[in-house]
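S.K.: Dropping a structure here in structure tokens format, bear with me for questions.
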Amino acid sequence: MAENLINLLLIFSRISAFIVISPGFSFKSMPTTAKVCLALALTLAVNGMSVLVPLEISSYLLLFYLVREVLVGLAMGFISQLIFTGIEIAGQFIDFQVGFAMGAMFDPATGVHGSNYGRLYYWLALAVFFLTDMHHLLIQSLLDSFQVVPIGTATLSNYGIEGTIMLFSVVFKIALGLGAPMMIVALISDIVLGIISKSVPQINVLMLGMPLKILVSFFFMLLLLPNVVQSISKVMPLISQYLEGFVKSLTG
């Protein structure tokens with residue numbers, strides 16, 4: 001009985017740590033009670049569906065195992081969140097070019113200051129995430145992790161470290177790929193405004209430039225929005241792909 005309770009506690013530690021940081025479930029607007037209930041439900045599901053490794057844990061080692069499972073859950077949530085970070089960075093790149101970076105506002109959903117296009121891209125990614133049932137795949141990957149890496153057996157290999165570093169480069173490529181079209185539009189707008197300022201010095205480009213760039217960015221964003229959503233839907237499967245690769249690397 002005591003061993004089963006310890007197993008449940010360790011399972012809950014990994015799952016709750018994952019929910020705290022994972023995309024779609026880590027919003028500050030999501031009630032803490034709902035997060036705890038979800039973690040408890042998944043804990044009971046894992047306890048009933050997977051074969052757990054019997055653990056004989058003394059009192060002074062219990063804290064060590066708890067911390068390790070929490071770190072595993074946080075690492076898995078962090079890996080799954082990185083793709084969303086790349087998508088949000090794409091919007092921030094656009095904000096820097098358009099001029100919205102100066103108008104960064106507090107986002108109560110994430111608890112941080114976010115730019116306008118950054119938040120737009122993030123919410124688009126979140127909509128695609130739920131509409132394509134990626135949250136189901138994410139939860140399934142979390143549950144499968146207990147079969148691949150049973151509680152108390154996680155060890156980080158060099159492959160896991162190298163794969164995580166490689167994922168950062170993938171995130172940067174995603175950010176550039178999603179933000180490049182609008183960044184090019186903003187660059188062309190700057191070039192056109194520069195030509196106008198040289199051709200017609202009477203026009204105050206400094207006064208007209210910012211509103212004009214914002215209007216142009218709105219117009220082209222509406223035109224490119226279907227392509228942006230399609231591009232986001234193509235990178236979403238990378239979440240489960242890299243998460244599964246990271247979990248396999250924990251087997252040593």
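S.K.: Take Phe172 and decide whether it is in contact with a helix residue (DSSP H, G or I) (Cβ under 6 Å, 6 or more places away or on another chain) and at pLDDT 85 or above.
M.R.: no
S.K.: What do you reckon, is Ser231 under 20 Å from Tyr117 (Cβ atoms) and part of a helix (DSSP H, G or I)?
M.R.: Criteria met by Ser231.
S.K.: Just checking, which of Thr164, Thr155 is under 15 Å from the mean Cα position of the chain (by Cα), modelled with pLDDT under 85 and surrounded by fewer than 19 Cβ atoms within 10 Å (Cβ to Cβ)?
M.R.: None of the other options fit; the residue is Thr164.
S.K.: Go through region 23-44 and report how many residues are at pLDDT 90 or above and touching a Gly at 6+ places or on another chain (Cβ under 9 Å).
M.R.: Final tally of qualifying residues: 0.
S.K.: Please go through region 18-38 and give me each residue that is of a type outside the set (D, E, K, R), under 23 Å from Ile87 (Cβ atoms) and touching a residue at least 12 places away in the same chain (Cβ under 8 Å), ordered by number.
M.R.: Phe18, Ile19, Val20, Ile21, Ser22, Pro23, Gly24, Phe25, Ser26, Phe27, Ser29, listed by residue number.
S.K.: Which pairs have Cβ atoms under 9 Å, sit 6 or more apart or on different chains, and link a residue in region 220-232 that is hydroxyl-bearing (Ser, Thr, Tyr) to one that is part of a helix (DSSP H, G or I)?
M.R.: Within 9 Å, the pairs are Ser231/Ile174; Ser231/Gly177; Ser231/Leu178.
S.K.: Pick from region 12-44 the residues that are surrounded by fewer than 16 Cβ atoms within 10 Å (Cβ to Cβ) and of a type in the set (Gly, Ala, Ser): which of them is farthest from the chain's Cα centre (by Cα)?
M.R.: Ala41
S.K.: Continuing with this model, one more query. Condition first: surrounded by 13 or more Cβ atoms within 10 Å (Cβ to Cβ) and at pLDDT below 80. Can you find one or more residues in region 211-221 that meet it?
M.R.: no
S.K.: Related question: Could you grab me the full set of residues in region 191-210 that are part of a helix (DSSP H, G or I) and surrounded by 12 or more Cβ atoms within 10 Å (Cβ to Cβ)?
M.R.: Across region 191-210, the qualifying residues are Val192, Leu193, Gly194, Ile196, Ser197, Val205, Leu208, Gly209, Met210.
The values are calculated or read from the model by the stated rules, or taken from the named source; none is laboratory data. Here the structure is a predicted model, which is why all the values come from computation and not from measurement. Please note: Cβ atoms are built from the backbone with ideal geometry, for glycine as well, and neighbour counts cover all protein chains shown.
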